[in-house]
Amino acid sequence: MDGKKVSHEEFVKLAVEKLRTGKYRGIHSVYSGFNEAFKAYYPGEDPVKATTALAKDGKISIIPSKGGVMIYLPGDAPGKVSRGDDALKKMGLQ
């Protein structure tokens, strides 16, 4: 790298894309190593504050989970689409 750090948003999106495994659409903040990586990349900064701010701005979704949170890209978090909307989409009516 050229010494210029990526933004918090870019870092989180890259982490979700590269660290998710199998069929999972998100990553666990602790078990994936995200929190440790964030602290190593941004010394002295708090990953919880950063991800909370990004979620508030709609840049990511976070859902509380045992031992931390699950981090998702926008639209990937479970339960964001109603079953009715999902059915209409599958039927090609939405």
Summed residue charge, Cβ within 12 Å of R20's Cβ, Lys/Arg positive, Asp/Glu negative: +2
GNM flexibility winner over the chain from K59, K39, K23 (Cα, springs under 10 Å): K23
Of all accessible heavy-atom area on the chain, the percent that carbon and sulfur account for (1.4 Å): 55
Accessible area (Å², 1.4 Å probe, nearest 10) - K5: 100
For the range 46-53, Karplus couplings with θ = phi - 60° (6.51, -1.76, 1.60), whole Hz, Gly/Pro x: 9, x, 5, 4, 5, 5, 4, 5
Helix-derived mean residue ellipticity, 222 nm - over the chain, DSSP H n ≥ 4, -39500 (n - 2.57), to 500: -11500 deg cm²/dmol
Within the chain, longest stretch clear of exposed chymotrypsin sites (Phe, Trp or Tyr not before Pro) (DSSP loop, no more than 14 other Cβ within 10 Å): 32-94
Cβ-Cβ FRET estimate between A40 and I63, R0 fixed at 30 Å, reported to 0.05: 0.75
Other-chain or far-sequence residues with amide H under 5 Å of V6's (modelled H): none
Farthest toward positive dipole pole in the chain [+1 Lys/Arg, -1 Asp/Glu at C-beta], among L14, N35, I62: I62
Karplus (6.51, -1.76, 1.60) ³J(HN,Hα), θ = phi - 60°, over the range 28-35, in Hz, Gly and Pro reported as x: 8, 4, 9, 5, 7, x, 4, 4
Simple Cβ-charge dipole of the chain, Lys/Arg +1 and Asp/Glu -1, about Cα centre, in debye nearest 20: 320
Within straight-line cross-link reach of K90, lysines at Cα separation under 29 Å, skipping those fewer than 8 residues along the same chain: K13, K18, K23, K59, K80
The chain: C-alpha gyration tensor shape, a/c 1.5 cut-off, then a/b vs b/c: prolate
Simple spin-label estimate for K5 and L93 in nanometres, 7 Å along Cα-Cβ: 5.0
Hz values of 3J(HN,Hα) by residue in the range 66-71 - Karplus curve (6.51, -1.76, 1.60), Gly and Pro given as x: 4, x, x, 9, 9, 10
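The values are calculated or read from the model by the stated rules, or taken from the named source; none is laboratory data. Since the structure is predicted, the reported quantities are computational estimates derived from the model, not experimental observations. All Cβ positions, even for glycine, are placed from backbone atoms using ideal geometry, and neighbour counts span all protein chains on display. The protein model used for the area step is the full one, side chains on, heavy atoms only, and it has no ligands, DNA or RNA in it. Shrake-Rupley method; radii C 1.70, N 1.55, O 1.52, S 1.80 Å.
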